[in-house]
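*Asks:* Following this message is one structure expressed as C-alpha cells.
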Amino acid sequence: MRQDRPFKPLTTVAALFMAAALVLGVAACSGKEKADPPDTTEAVVDTTSTTAAPVGAQIATAKVPSVTVLATAPAELNLPATTTTAPPKTAHQPIPRVGLNSAAVKKVPEGYQFANPTYFGNPLTMQVIEQHGDWLKVLIQARPNHTEGWVKASDVTLSSTTYRMELSLADRHLTVYDGDKVVAETDVVIGKDTTPTPLGTFYLAEKIKQANAGGSYGPWILSTNGYSEALDLFDNGLPVVAFHGTNKPELIGTQASNGCIRLPNDMITKLADMLPAGTPIEIVAQSLKGTGTTGTSLGNAA
C-alpha cells in the first residue's frame, strides 16, 4: 500500500480533524504497512440485517446526519444522577476533547456530536443500554472507555442481534455466540503487556474492508468503540482498538500487538459477513467458561 494513507502501522480505526486535516490511526497492528484509504471504493456500508432477531442486544442506528448525545440524563426524565454510570477514571486524555475532533466526532457543551454516516461511509451505530420514554441511554465511542450518553429515540432506528463476542485475554481466545450457541471460535493475538487490550464491555462499531487482503490488517478491520488505555495517540492517529486479520499468522496465540486483536484471515472474513455493527463484545482477563479451548473453528452460522 502507499505510505500516504491515513491508517498507521498499528491497529486503530479512528481519525483526527486538526487544522482541517484528518489523520486516522489504528492502535494495535504491527508492521509498517498502512491501511486502505477512506474513499468510496473502500467504505463498506453495513447492510447486515438485525431486525429478524427476536431478542438480544439492542442496536441504535442513526437516521439523521448529525446525532447529539447528551452526557447526562435529560432533565425532563427526572432520573437520579446515578442513572448514568460514570466511567472509570484514566490518566490519559479524553477522546474526543475540545481541540481534538476525531473522525467527525466532537465534544460539545451538552455532550458529544457524531456525524452520520461515519468517516468510512458506514451508518453510525451505538449499543442501547436502556430506554426511558423518548430517550435511549447508549454506549458510545469515547474515552474513558465505557462512556455512556443519552440520545433521542427519534434520531435512530432500533434493531437487535443475538450475536455476541467474548474474548478471554488469559486464553488469548475469542468465542462468538448466537444466543447460547457457539458459532465461531479462534485463538488470537492480543496486546503486549506495555500496550494491553482493554477490559470491559464494548461493541462492534463498523466494518472496513481492505483492498489488500494479504496486508498487515488482512481482508477486514472490525473497529470497536474502545480505545487503548496505554496510548493517547498512535503515530498521530487515535488509538482505537479493533479486530482485524493478519499477515503474520504464526503469531496467533501470543501477545504481540499494541492493543488490537488479530485473527486468522478466514475467521475475520467469516465474522465480517456474519456480525452486524452493534454486536456486543465482552473482554475479560480470565476464561469466561473456566476452560481454555484452543484452535480455530468457523462454526455453522449462516
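*Asks:* Computed FRET efficiency, Cβ-Cβ of GLU282 and VAL108, R0 30 Å: what is it to the nearest 0.05?
*Replies:* Once the sixth-power term is evaluated, E becomes 0.50.
*Asks:* Then there's this: Between ALA75 and LEU199, what's the calculated FRET efficiency when r is the beta-carbon distance and R0 is 35 Å? Round to 0.05.
*Replies:* 0.55
*Asks:* Next question, about the same structure. Using the Cα gyration tensor of segment 57-161, with a ≥ b ≥ c the square roots of its eigenvalues, what is the shape: rounded (a/c below 1.5), prolate (a/b larger than b/c) or oblate (neither)?
*Replies:* oblate
*Asks:* Given Cβ point charges of +1 (Lys, Arg) and -1 (Asp, Glu) and nothing else, what value in debye, to the nearest 20, does the dipole of segment 94-197 about its Cα centre take?
*Replies:* Result for segment 94-197 is approximately 480 debye, rounded to the nearest 20.
*Asks:* Give me the number: length gained by fully extending GLU250 to ASP180, i.e. 0.36 nm times residue separation minus the C-alpha to C-alpha distance, one decimal in nm.
*Replies:* Length gained between GLU250 and ASP180: 22.1 nm.
*Asks:* Classify segment 110-226 from the C-alpha gyration tensor, please: rounded if a/c falls under 1.5, else prolate or oblate depending on whether a/b exceeds b/c.
*Replies:* Taking the square roots of the gyration eigenvalues as a ≥ b ≥ c, segment 110-226 is prolate.
*Asks:* While we're looking at this one, here's another question. With a point put 7 Å past each Cα toward its Cβ, work out how far LYS152 is from ARG97 in nm, to one decimal.
*Replies:* Placing both labels 7 Å along Cα→Cβ, they lie 3.1 nm apart.
*Asks:* According to the square roots a ≥ b ≥ c of the eigenvalues of the Cα gyration tensor, what is the shape class of segment 208-293, taking rounded for a/c under 1.5, prolate for a/b larger than b/c otherwise, and oblate for the remainder? Could the numbers behind the result be given before it?
*Replies:* Numbers: a/c = 1.29, a/b = 1.06, b/c = 1.22.
Rounded shape, in that the Cα axes give a/c under 1.5.
*Asks:* May I pose another question? Quick one: length gained pulling GLU130 to THR68 fully straight, 0.36 nm per residue minus the C-alpha distance? Please list the in-between numbers first.
*Replies:* Working: separation 62, 0.36 × 62 = 22.32 nm, distance 1.73 nm.
Net length gain for the segment: 20.6 nm.
*Asks:* Using the Cα centre of segment 57-161 as origin and beta-carbon charges of +1 (Lys, Arg) and -1 (Asp, Glu), tell me which of THR161, PRO144, LEU79 is placed farthest towards the positive end of the dipole.
*Replies:* Farthest along the dipole direction, towards plus: PRO144.
*Asks:* Same structure again: Report, in debye and to the nearest 20, how large the dipole of segment 177-253 comes out about its Cα centre when Lys and Arg carry +1 and Asp and Glu carry -1 on their Cβ.
*Replies:* Rounded to the nearest 20 debye, it is 240 debye.
*Asks:* Next up: Tell me, what HN-Hα J-couplings in whole Hz come from the Karplus equation 6.51 cos²θ - 1.76 cosθ + 1.60 at θ = phi - 60° for each residue of segment 267-276, using x for Gly and Pro?
*Replies:* These are the phi-based 3J(HN,Hα) values: 6, 5, 5, 4, 5, 4, 6, 8, 9, x Hz.
*Asks:* Provide the per-residue ³J(HN,Hα) series for segment 204-210, in order, calculated from phi with Karplus coefficients 6.51, -1.76, 1.60 and θ = phi - 60°, each as a whole number of Hz, with x at glycine and proline positions.
*Replies:* 6, 7, 6, 10, 10, 7, 9
Any read-out appearing in this document is the output of simple, stated calculations on the displayed coordinates, not a laboratory observation. Worth saying up front: this structure is predicted, and the values here are computed from it rather than measured. For neighbour counting, all protein chains shown are included, and Cβ atoms are generated from backbone atoms with ideal geometry for every residue, glycine included.
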